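All remarks here apply to the structure that follows.
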Amino acid sequence: MPRDYILALDQGTTSSRAILFNHSGELVAVAQQEFQQHFPRDGWVEHDATEIWNSQRSVALEVLQSHGITAADIAAIGITNQRETTVLWDRQTGAPLHPAIVWQDRRTAKFCHELKEAGHAPEIQEKTGLRIDPYFSGTKLNWLLDNVPDARTRAERGELAFGTIDSWILWNLSGGKAHATDVTNASRTLLFNIQEGCWDEDILRLLNIPESLLPTAQPSSSLFGECEIEGLRGLPIAGMAGDQQAALFGQNCIDASKAKNTYGTGCFLLRPTENGIVHSQHNLLTTLTCNTDNTLGYAIEGSVFTGGAVIQWLRDGLGIIKRSSDSEALATSVKDNGGVYLVPAFTGLGAPHWDPHARGTLCGITRGTSAAHITRAALESIAFQSADLLHAINEDYISSIDELRVDGGAANNNFLMQFQADLMQVPVVRPQVTETTALGAAYLAGLSTGFWKDVTEMASHWKTDRIFEPKISVDAAAAQQSRWKKALERSKDWATN
Ligand code: ADP
């Protein structure tokens, strides 16, 4: 009996999804379930790891049922996940010792500050490609070991396991037999040496983390374990990657000629580098890309905190539009932005500016400014921020890209995509399948099990929906950028605490 599908498990920050892909890389069925967000204190964000697992298992079974198939029709499972979120569990019972600490959680800010004050930032950046920041898993794990009663002693006795969400899902799928992660997820922990491809002993000592807690780090496309749970029993878990790297793979961006940008709540822009590690001089991150063997590949990554979320603010905060997609018609009902610039630094500015004290700013308002101008400025702000990222990446890498591949909810906005192409002066290419994160995970699982022959076969499935070519001159793009920069300066260093 031929097995016709790959099952991708996409464990995101607000929901768990399961998606079936066929041999042509087409999406054939989806099931999705949201789960609860917990905010126990200012700056703290937690998930119930058991709820995450239950929701993920339940959508996996549901998608098979809804499509009228069984595990016998599935060739392999691929996992992609919210990155950095940290789980600590008991190896014996499989029970988490504490709620998962989510990537957004800032509880370790003080510890990170101390590490920086003690001068560890250059060494950490050199080895991990990351900045010392509460965002990454390492200091979250240190917090758990210090704050959960007996955790450190039990960890030292080898009774506990640490994992990011990929490892947690794998552990549960395999009935507690597999404790592994892939290199892309490992590269977001602050504990992984991306030059050597292994956990870094010096950093583990610095953060006081026993090595016995750690999962085995494997290539993203490799056999991680076998399912032991009812309904999926026997299926190989054959691909795993963090969401942004999975999307990069799903977009077939495998060399430095292309980059991808995901336009969701925030934006994540990644560009592979070709000759080893490029350490950013512009406050961007260096991260590992998906691999199919022990060779390590790298990308430069930058993120925008407020991307599509600025459109949600127009909808929910200002009530200017009813649905996010209405922003396109409203923005194009005026001939230009009327001189209005909106800097949506609602929670500060991310890369390459890194100003936590910046706040949202609306510049250039006149008596003639309308809701349409503000909407246009809001959409333009997403493109301006992404262009700032690409310019920083290009400066680090010294050369430009041939095209930008896009995905995420706001990539459906044609006005935004055209403006992005104009500003960046590169073609912006939107694929037919915009579920590139799940597709990337499916590809990883399909490649290691022979469902797809090689990367060339995989690339042949990638189909363009639309290409947006730059329509304005280089000078006109530069003029736009310079007005934006002025607005940006006015938003910086505003909040006092
Ligand atoms: P996430 O995965 O971060 O939840 P999605 O990829 O689902 O995000 O994208 C949702 C975001 O995209 C929301 O912030 C929404 O406001 C924005 N968005 C969705 N459709 C459009 C559109 N047509 N135009 C502009 N923004 C949009």
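Here are the numbers for the structure shown:
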{"quantity": "Residue among His391, His461 that is closer than 22 Å to Leu7 by Cβ and surrounded by 15 or more Cβ atoms within 10 Å (Cβ to Cβ)", "calculated": "His461"}
{"quantity": "Flag if Ser386 is within 16 Å of the ligand (Cβ to nearest atom) and surrounded by 24 or more Cβ atoms within 10 Å (Cβ to Cβ)", "calculated": "yes"}
{"quantity": "Residue list for region 45-63, filter: of a type in the set (A, V, I, L, M, F, W, C) and touching a Ser or Thr at 6+ places or on another chain (Cβ under 6 Å)", "calculated": "Val59"}
{"quantity": "Only one of Thr70, Thr128, Thr93 that is buried (at least 18 other Cβ atoms within 10 Å of the Cβ) and among the β-branched types (Val, Ile, Thr)", "calculated": "Thr128"}
{"quantity": "Some residue of region 383-404 being touching an Asp or Glu at 6+ places or on another chain (Cβ under 8 Å), of a type in the set (Ser, Thr, Tyr) and more than 19 Å from Val304 (Cα to Cα)", "calculated": "no"}
{"quantity": "Residues (surrounded by fewer than 21 Cβ atoms within 10 Å (Cβ to Cβ) and either out of contact with any Phe, Trp or Tyr (no Cβ under 9 Å at 6 or more places or on another chain) or at positive phi (or both)) located in region 402-411", "calculated": "Asp402, Glu403"}
{"quantity": "Extreme residue, surrounded by the fewest Cβ atoms within 10 Å (Cβ to Cβ), among residues of region 359-383 that are of a type in the set (Gly, Ala, Ser) and more than 16 Å from the ligand (Cβ to nearest atom)", "calculated": "Gly368"}
{"quantity": "Scan of region 331-355 for residues that are small (Gly, Ala, Ser) and buried (at least 18 other Cβ atoms within 10 Å of the Cβ), ordered by number", "calculated": "Ala331, Ala345, Gly348, Gly350, Ala351"}
{"quantity": "Counted residues, region 242-259 - those being of a type in the set (Gly, Ala, Ser), over 10 Å from the mean Cα position of the chain (by Cα) and either within 16 Å of the ligand (Cβ to nearest atom) or assigned to a loop (DSSP other than H, G, I, E, B) (or both)", "calculated": "3"}
{"quantity": "Residues (under 22 Å from the mean Cα position of the chain (by Cα), in contact (Cβ under 8 Å) with a residue 40 or more places away in the chain and either surrounded by fewer than 22 Cβ atoms within 10 Å (Cβ to Cβ) or within 11 Å of the ligand (Cβ to nearest atom) (or both)) located in region 424-433", "calculated": "Val433"}
{"quantity": "Region 306-331, residues that are touching a residue at least 60 places away in the same chain (Cβ under 8 Å), over 22 Å from the mean Cα position of the chain (by Cα) and closer than 13 Å to Ala377 by Cβ", "calculated": "Leu314, Ser327, Ala331"}
{"quantity": "Strands (runs of 3 or more DSSP E) contained in region 285-391 and holding at least 3 residues hydrophobic (A, V, I, L, M, F, W, C)", "calculated": "298-304"}
{"quantity": "Pair list, Cβ under 7 Å, 6 or more apart: region 452-476 residue charged (D, E, K, R), other residue assigned to a loop (DSSP other than H, G, I, E, B)", "calculated": "Lys463/Gln432; Asp465/Gln432; Glu469/Pro427"}
{"quantity": "Residue within region 260-274 that is more than 16 Å from the ligand (Cβ to nearest atom), modelled with pLDDT under 95, more than 19 Å from the chain's Cα centre (by Cα) and in a loop (DSSP other than H, G, I, E, B) present", "calculated": "yes"}
{"quantity": "Where Phe419 falls short, out of the listed (1) within 16 Å of the ligand (Cβ to nearest atom); (2) within 23 Å of the chain's Cα centre (by Cα); (3) buried (at least 17 other Cβ atoms within 10 Å of the Cβ)", "calculated": "(2)"}
{"quantity": "Criterion violated by Ala238 - all others in (1) within 16 Å of the ligand (Cβ to nearest atom); (2) surrounded by 24 or more Cβ atoms within 10 Å (Cβ to Cβ); (3) of a type outside the set (Phe, Trp, Tyr) satisfied", "calculated": "(1)"}
{"quantity": "Hey, Glu156 more than 22 Å from the chain's Cα centre (by Cα) and more than 19 Å from Asn81 (Cβ to Cβ) or not", "calculated": "yes"}
{"quantity": "Test: Ser399 is within 23 Å of the chain's Cα centre (by Cα) and either under 24 Å from Pro427 (Cα atoms) or not small (Gly, Ala, Ser) (or both)", "calculated": "no"}
{"quantity": "Residue that is farthest from Glu380 (Cα to Cα), among those in region 429-464 that are at pLDDT below 95 and of a type in the set (D, E, K, R)", "calculated": "Lys453"}
{"quantity": "Residue among Gln56, Gln36 that alone is of a type outside the set (Asp, Glu), closer than 26 Å to Arg233 by Cβ and touching a helix residue (DSSP H, G or I) at 6+ places or on another chain (Cβ under 8 Å)", "calculated": "Gln56"}
{"quantity": "Pairs with Cβ under 7 Å, 6+ apart, first in region 397-423 and over 23 Å from Gln312 (Cβ atoms) and basic (Lys, Arg), second more than 10 Å from the ligand (Cβ to nearest atom) and in a loop (DSSP other than H, G, I, E, B)", "calculated": "Arg405/Gln251; Arg405/Cys253"}
{"quantity": "Filter pass, Pro356 being more than 14 Å from the ligand (Cβ to nearest atom), under 22 Å from Ile393 (Cβ atoms) and in contact with a His (Cβ under 7 Å, 6 or more places away or on another chain)", "calculated": "no"}
{"quantity": "Residues being within 18 Å of Phe39 (Cα to Cα) and surrounded by 18 or more Cβ atoms within 10 Å (Cβ to Cβ) - total across region 105-125", "calculated": "3"}
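Yes or no, residue by residue, for (1) in contact with a helix residue (DSSP H, G or I) (Cβ under 9 Å, 6 or more places away or on another chain); (2) assigned to a strand (DSSP E or B):
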position	(1), (2)
Phe162	yes, yes
Ile169	yes, no
Asn172	yes, no
Gly176	no, no
Thr184	yes, no
Gln195	yes, no
Arg205	no, no
Ser220	yes, no
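The values are calculated or read from the model by the stated rules, or taken from the named source; none is laboratory data. Since the structure is predicted, the reported quantities are computational estimates derived from the model, not experimental observations. Please note: Cβ atoms are built from the backbone with ideal geometry, for glycine as well, and neighbour counts cover all protein chains shown.
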